[in-house]
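Structure first, commentary second.
The values are calculated or read from the model by the stated rules, or taken from the named source; none is laboratory data. It should be emphasised that the depicted structure is a prediction, and the values quoted were computed from it without experimental measurement. So basically every Cβ, Gly included, is an ideal-geometry build from the backbone, and we count neighbours across all protein chains shown. We work out accessible area using only protein heavy atoms, side chains counted, and drop any ligands, DNA or RNA first. Shrake-Rupley method; radii C 1.70, N 1.55, O 1.52, S 1.80 Å.
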Amino acid sequence: MDEQIRKTLCDQALIDNRDHWFREMNDYFYGDRKGPLHLAGLGADAVNPYLMYTDPEAWIRDAVSHLVKHAHSRISDKYFVPLCIYDSIYGVHFVDRIFGCEVFFQDGQWYNRYLKNEVGQLKKPDLESNETWALAKRIANAFLDLKITAPLFETPVIASPLNIAVNLYGEEILVAMLMEPEAAHHDLQIINEVLTELHQWYRAHIPTQQLQPVCSCGRCQPPGHGQICGCTTQLLSPGLYEEFIMPLDNALLGVYPHGGMIHLCGSHTQLIPLFAKMPNLKCVQLNDKAAEDLQFYVDGLRDDQVIYLNPCEGMSTKQALQIAKNKKIVIVYGYEEE
């Protein structure tokens, strides 16, 4: 890598700006800071994203070259612009591939085909010999080898036990919760054990100040926080979520010293009372239908739980701030609308 690129991405001004905003975030999460925070991260776009599958080292070099062009010009005292390198291999089907699903790219996105075994027969993959996991570690190590200290590195989509189970089995995992609960519990536990191991590896290898979960441009949290994807929780009743998923989600967030975030994008309001009871759930991220339901989250979450909101057609920044009032809220890419 060009030494000028390395020098730029180790610039103390960029590090100081990042750490200043992390202190602001920490004070917002746990202290007395008032008013909304604004987040508008800058992602590292590689010219050829497919290089990450064939030559991760070249892909990383390509990606950081994009950050260098814009890093200093995006420094702001109005909103946080973290510099983000995202490892998006296989999209939301990264873990599915680790479990042996056929994963394929079509019409601009990744898909998978379900496993053929029945629920209850899931076996834990051997991560040491797993091709997909080896590629993920190679990408992370390529980042570490650059020795650049300002940008954040985000994990692939490690998702959540329910998201992965639905990807592996479709509706059959939901049927099993009702008809074969022991089988459902078995496979969900296996999934969560693997997700935990993946998170633990990243925590052990990526510096805490630089490690972020997926989509950090719009979901960046203070260091030491994790994330799970709650998209599929809209499919569950409160009873099923509390019995099968809530303990696993809370435990997975507990891998991180300060807990973390759940991403929500559908109709999840039936679960808000349970979200409020999860000690490791520190914030929720809302977009699309979930963002339109902001009032329910403001009314139902704990006072110490932070809301990340992506403004959308049904929930503008102005509306969100009127609804949030004194609730802690992070507005993503919405500063100019305030």
Which condition breaks for SER267 when tested against (1) open to solvent by 10 Å² or more (accessible area, probe 1.4 Å); (2) among the polar types (S, T, N, Q); (3) not in a loop (DSSP other than H, G, I, E, B)? (3)
Checked pairs for segment 197-225, first at positive phi, second modelled with pLDDT of 95 or more and hydroxyl-bearing (Ser, Thr, Tyr), C-beta under 8 Å and 6 or more apart or across chains, list as GLY224/THR208; GLY224/TYR256
In segment 2-32, residue nearest to LEU146 (Cα to Cα) [restricted to those that are in contact with a helix residue (DSSP H, G or I) (Cβ under 9 Å, 6 or more places away or on another chain) and open to solvent by 60 Å² or more (accessible area, probe 1.4 Å)]: ASP2
Number of positions in segment 270-322 that are buried (at least 16 other Cβ atoms within 10 Å of the Cβ) and more than 24 Å from LEU253 (Cα to Cα): 8
Quick check on my filter: what residues within segment 283-326 are under 22 Å from the mean Cα position of the chain (by Cα) and of a type in the set (Lys, Arg)? LYS289, ARG302
Within segment 271-321, helices (runs of 4 or more DSSP H) holding 3 or more residues that are in contact with a helix residue (DSSP H, G or I) (Cβ under 8 Å, 6 or more places away or on another chain), closer than 21 Å to PRO247 by Cα and not polar (S, T, N, Q): 272-275
Number of the exception - TYR241 against (1) open to solvent by less than 20 Å² (accessible area, probe 1.4 Å); (2) not in a helix (DSSP H, G or I): (2)
Pairs only if they're at least six apart or on different chains, beta carbon under 7 angstrom, first in segment 72-85 and under 25 Å from THR155 (Cβ atoms) and of a type in the set (Lys, Arg), second assigned to a loop (DSSP other than H, G, I, E, B) and modelled with pLDDT of 95 or more; list them, first residue then second. ARG74/VAL81
Within segment 25-44, identify whether any single residue is of a type outside the set (Val, Ile, Thr), farther than 29 Å from GLN319 by Cβ, modelled with pLDDT under 95 and not in a loop (DSSP other than H, G, I, E, B), and answer yes or no. no
